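Step one of this worksheet: look at the structure below.
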Amino acid sequence: MSHRIVTLPGDGIGPEIMAPTLELLRAVGDFEFEEHLFGGASIDAHGVPLTDEVLDACRRSDAVLLAAVGGPRWDTTDPDRPRPEQGLLGLRKGLGLYANLRPVKPLPALYDASPLRRERIEGTDMLVVRELTGGIYFGEKTRTATSASDICSYTTAEIERIARTAFGAARAKVTSVDKANVLETSRLWREVVSEVHSREFPGIALEHVLVDNAAMQLVSSPRDFDVILTENMFGDILSDEAAMLTGSIGMLPSASLGGESASGDAAGDGRGPGLFEPVHGSAPDIAGRAIANPLAMFLSAAMLLRHGLELESEAAAVESAVQRALDAGLRTPDLGGDAGTAQATRAVLDNIE
Ligand code: NAD
């Protein structure tokens, strides 16, 4: 049976990088694609960035592939007007996506694009696993004329499920990042992560590192990390810091996974559809010029194959094709070259084995 993938091209360069990605997926397997309007394109057609019909289609799919949303056309400071980015929040919430995965693996051909010296980043291959639906971003907020507060709270069940995601993805070691010297939520975090570790994943090494120390180690010895596991706000900051190691935003994929209920009463088998998307936005400054770098999108499709559909060899085929194309000299303008989107796509397709 072929897998059903909902595709959301979105806005700006979104459609320009989605089309070649479907071509690439067709080259490695048999998939059924169902395309829907999302973001600004959906606001234009329906007045909202995410309709109930599209959310339902996503829920019924095996995986959701998203390009990017937004653009000056829909920029507004009027709180009553819809914004494309609200569609992203609606999708995360609607699919219960509590785990955000961002691999950071600078490719040898691009070592010199990194702001860090080659010797520092050589061999770096890490995954940042960020809790996405709890913590201070979602806690109660208060505001008076002279004070404000944001509550940070986590439950044992929320920590357990994200810890499982991290240990499940680790080859050798999980570095759990917290601020247990001052925060009560961090003390619970540390306790629960240690319990999940000794109970379910004793074969994987576990270390606890304070967030300030982790921020330093990310730039001083990024090679020492395998999987970084952390809560929502720390993960927001550390994943952007880690992303800079690779040098180009046009290269970074991400996955958001969900499915397991935080109330403890496992909602099914913990395998709801995941959302796969590049880290970059809709790049309105280059939209329509056929020069967008499709590689982050291709690598997001590889994550969809691996984490969304459990097609490991197909995922590896896409990743090595991207690597070989870069080794052979492929460079889009954001990487200092002059290859357009079509040329980059051809180069990767030619390297699929
Ligand atoms: P951006 O990521 O779209 O662009 C930043 C810079 O990187 C631009 O110069 C752009 O040309 C370049 N760039 C990005 N992706 C590229 C690619 N694939 N190939 C070549 N160059 C690329 O960020 P921005 O300019 O801050 O935001 C533009 C719009 O995208 C905004 O409306 C923003 O809200 C939205 N946005 C959406 C997402 C998303 O859909 N997940 C994420 C970030 C920003």
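For the stretch 102-162, trypsin sites (Lys or Arg not before Pro) are listed when DSSP marks them as loop and at most 13 other Cβ atoms sit within 10 Å of their Cβ; the list is Arg117. For the stretch 287-326, applying the loop criterion from DSSP together with a ceiling of 13 other beta carbons within 10 Å to the GluC sites (Glu not before Pro) yields Glu310.
Relative contact order, whole percent, for the stretch 99-247 stands at 36, derived from Cα pairs under 8 Å and 6 or more residues apart.
Atom-type composition of the exposed protein surface of the chain places 52 percent of the accessible area on carbon and sulfur (1.4 angstrom probe). Give me the one-decimal Kirkwood hydrodynamic radius in Å for the chain, with the sum taken over alpha-carbon pairs. Roughly 21.0 Å, rounded to one decimal. Cα centroids of the stretch 114-138 and the stretch 174-220: how far apart, whole angstrom? Rounded to whole Å, the Cα centres lie 15 Å apart. Projecting the Cα atoms of Leu88, Leu110, Ala57 onto the charge dipole of the stretch 49-111, computed from C-beta unit charges around the Cα centre, puts Leu110 farthest toward the positive end. So which lysines can Lys141 reach, going by Cα to Cα under 27 Å and dropping same-chain residues fewer than 8 places off? Lys141 reaches Lys93, Lys179.
The lysines within cross-link reach of Lys173, meaning a Cα-to-Cα straight distance under 25 Å and a gap of 8 or more places when in the same chain, are Lys105.
Just the accessible area per residue of the stretch 151-288, please: how many Å² with a 1.4 Å probe?
Details: 5640 Å² over 138 residues.
Heavy-atom accessible area per residue stands at 41 Å².
Contact order, relative form, for the stretch 1-160: 19 percent (alpha carbon pairs under 8 Å, 6 or more residues apart, mean separation divided by residue count). Each Lys and Arg contributes +1 and each Asp and Glu -1, all at the Cβ; summed about the Cα centre of the stretch 45-189, the dipole is approximately 400 debye.
Look at the alpha carbon pairs under 8 Å that are at least 6 residues apart: their mean separation over the length of the chain gives a relative contact order of 21 percent.
With all protein chains kept in place, the per residue accessible area of the stretch 72-148 amounts to 57 square angstrom at a probe of 1.4 angstrom.
By the gyration tensor of its Cα atoms, with a ≥ b ≥ c the square roots of the eigenvalues, what is the shape of the stretch 99-247: rounded for a/c under 1.5, prolate for a/b over b/c, or oblate? Since a/c reaches 1.5 but b/c is at least a/b, the shape of the stretch 99-247 is classed as oblate. Restricting the stretch 285-329 to trypsin sites (Lys or Arg not before Pro) that sit in a DSSP loop and have at most 16 other Cβ atoms within 10 Å of their own Cβ leaves Arg289. For the stretch 12-26 versus the stretch 32-92, the spacing of their alpha-carbon centroids is 17 Å.
The values are calculated or read from the model by the stated rules, or taken from the named source; none is laboratory data. Keep in mind that what you see is a predicted model, and the values were worked out from it rather than measured. Cβ: placed from backbone, ideal geometry, glycine included. Neighbour counts: every protein chain shown. The accessibility values were calculated without ligands, DNA or RNA, using every heavy atom of the protein model including side chains. Shrake-Rupley method; radii C 1.70, N 1.55, O 1.52, S 1.80 Å.
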